[in-house]
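Structure first, then comments.
The values are calculated or read from the model by the stated rules, or taken from the named source; none is laboratory data. All values derive from a computational prediction rather than experimental measurement. Cβ coordinates were reconstructed from backbone atoms using ideal geometry, including for glycine residues, and neighbour counts include every protein chain displayed. Ligands, DNA and RNA are stripped out before the accessible areas are found, and what is left, the full protein with its side chains, is counted by its heavy atoms. Shrake-Rupley method; radii C 1.70, N 1.55, O 1.52, S 1.80 Å.
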Amino acid sequence: CCLLPMGAASSAEKALPPWLDKPEGTYKPGTLKMIDELPKTARTFLQPHLHFGTQFTLGLGEEEFQALVASCMEHDDRLAAWFPKLVPKRINEDAFWNNYFSHVEYIIALDEGEIKVNAQQGGSGPSLNRRPITTSTTSTDRGGSPELLELKFHSRPFGIELSRGENSVFPVVISIRDEKLASRGLKPGHVLIKVDGKSVESVKLAPLLSRLKRDALPITLTFMFPDTNTPTALSAARSTASSADFIPVRSAQKRATSKKNETDRNERKGSLVAGAIPYYEAGNQFAIELTKEPILTARQIRIPIRWGILGCGQISRSSTGLALVRARGSELESAMRRNPRKAHAFGKDFQCKATTSAHDLIHDPHVSAVYIATPPGARAALALLACKADKPCLLEAPLARSYHEARALKEAFAAANVPLFVAHTRRAHPRAQVARKIVNNLSFIGPVTSISYELSKQDMLPQSGGSRLKGWRTNAEQSGGGLFLEYGSHVLDLIEYLVGPLSRAAGDASRRPGIPKGSLETCVVMTFRAGGYKWGKEAGRKVSVVGDGGAPGVATFNFASAIEKDLLCINGTMGRLEMSVFGDDPPILTTLSGRKVQYPFPSPVVQHLPLVQHVVNYLLGSPIPETLKDSADSAVRVAGVMDAVLRSFYRARDDHFWKRPHTWL
């Protein structure tokens, strides 16, 4: 079924359209009609025929190609009409013609009996000049003869959860959210072996997911269902599905919010607390439904948010980097670290560019937003560079070393009208969302009357080699203070998020015996007020959950304690809410009658992912969520609260206090 006459491929005068290639009567009556109907829709030019997948090519020289194209456009005005509409806006010129001729070739091959409609796809298909075409095969070199399944996706999301265990060389499908895919034969246990014809053997999952979100559509995925009699990745899939290290975050969140599925309930029993009833067994009066997260459309993520990371330390490697890769509509473009070896190692692991220059990363035209995870001492200066470059910023908490720096930074971003976000990640966790609903519903604990929090850790206990705390955290110029700033910024922000903005803060700080003068504080005790009628009114609440002056609170932070503890208590007139801030235990509601009800909504596997997804959604045009509405304002208020508490210890916090340690208490 040649589309060019034999011996005349290079002659423009003799080149003919495919339906005129052979004498009249050569083809069946319906064949030429089918070819004539091809130009009726754009699909003919945008997608190759499924029989050939993505591998069909004309296989012609430039002169032959131009001659054939010219003759086809001359004989059919519809081709000439489609060409300027689709090229190059939606497809390039070569693909336009390859796709069109793949449909023509298939129709002719059917007529000549070279292709049977019900035949299993595989082997080598026909080509325009009888050169072999590379297509998918149905055999494997890994034992057995499992069948291959090729699926072409024209939009995102794909509706597939992938995972890969330590012993699996290919990613495995562990769940399917699209019923259409199941009807096409895809099921859990299928192994993804190719993306657009390229093998993904031993490819790390994070860069693979990034590629699936970045590559141009349509994307063809090739799956294999292993032979059950041979040891393959299927067994690894089963073991992987039970490993929390490899369970995708969306799957974990789905289990956390499901109340009807008995299997999900059994999975959650491991995190239940003895003596408290799960909310889904306590009755409808204790039921809580989390708000469904908005899903970005394919149009919204046409141009994704491409992130640059400043500071590739442990938090970036273990959480934020993964979140920036996995979030829908997000890509990790570049990463910066001063150490060249560590910078390139990070770039290799996350399949992104690596640099040692913050200036180069910020001014990279491919970077559209910046995440800053350096020590607090460098955050403000780097964020201002990003602000001047008109790049939205996500900063780790605390926002800066002091209230003075934090306020100046917020005002600079506000004046430039550039978005500024602070990574108070716990706001976006399901546990925090549940706790907020409990506090804001007066039928659970009633109006809030008091708040207490205690954090005790062993980080600053004396040891043979000194305290556990090392590096920049012991340097006030880099950290802005002791561990109180690092932990307290998250604790106080969560209290603000649950109850209302903090005010009237006071407190004192000290260092443990044995630490020389000029060292950072190790223990902080503080009082404050949270919420109040005026704050509730500003937040749009119909009923204030605290009194007009706010609810009084007390907090203790001890980083030289023999016994560790992390407990937040919010007391009301009808009950009490208890939960940890940094743990994964379920929030517990204790009613006036003494009944305990727990809400087992675990934290996500990747801590930063929910908040990063909220930021990406907003930058791509979605309405701003509650978790981000006062992100920078809250960070500045919290910085003011912490400065008020530490002022007596450092004598002042509005100057370069790190240069005068001899004046500290």
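Ligands, DNA and RNA excluded, the heavy atoms of Glu289 present near 110 Å² of accessible surface to a 1.4 Å solvent probe. Looking at the stretch 559-628, the GluC sites (Glu not before Pro) that sit in a DSSP loop and have at most 16 other Cβ atoms within 10 Å of their own Cβ are Glu564. Close amide H partners of Glu521, meaning residues 5 or more places away or on another chain with modelled amide H under 5 Å apart, are Gly482. Sparsely packed loop sites in the stretch 76-107 (the trypsin sites (Lys or Arg not before Pro) outside DSSP H, G, I, E and B with at most 11 other Cβ atoms within 10 Å) comprise Lys89.
For the listed peptides 513-525, 449-461, a ranking on the average number of other beta carbons within 10 Å per residue, highest first, reads 449-461, 513-525. Using amide H atoms built in the peptide plane, which far-off residues or other-chain residues are under 5 Å from Lys353 H to H? Amide H to amide H, under 5 Å and 5 or more residues apart or across chains, Lys353 pairs with Ser334, Ala335. Amide H to amide H distances under 5 Å link Gln47 with no residue, where only residues 5 or more positions off or on other chains count and H is placed in the peptide plane. Our coupling estimate for the stretch 276-286, obtained by passing each phi through the Karplus curve with A = 6.51, B = -1.76, C = 1.60 and θ = phi - 60°, is 10, 8, x, 4, 6, 10, 8, x, 5, 5, 9 Hz, Gly and Pro reported as x. For the pair His154 and Asp654 in one chain, pulling the backbone fully straight at 0.36 nm per residue adds 174.4 nm over the alpha carbon distance.
The fraction of accessible area contributed by carbon and sulfur in the stretch 405-518 is 47 percent, rounded to a whole number (1.4 Å probe; ligands and nucleic acids excluded). Its Cα centre serving as origin, the stretch 298-437 has a Cβ charge dipole (Lys and Arg +1, Asp and Glu -1) of approximately 540 debye.
Pairs over the 26 Å Cα-Cα cut-off, from the set Lys204/Lys565; Lys180/Lys292; Lys342/Lys565; Lys410/Lys517; Lys198/Lys353: Lys204/Lys565; Lys342/Lys565; Lys410/Lys517.
For the stretch 570-665, the residue among Thr591, Asn617, Trp658 whose Cα projects farthest onto the positive side of the dipole built from Cβ charges is Trp658. Peptide packing: for 605-614, 433-442, the average count of neighbouring Cβ atoms within 10 Å per residue gives the ranking 605-614, 433-442, highest mean first.
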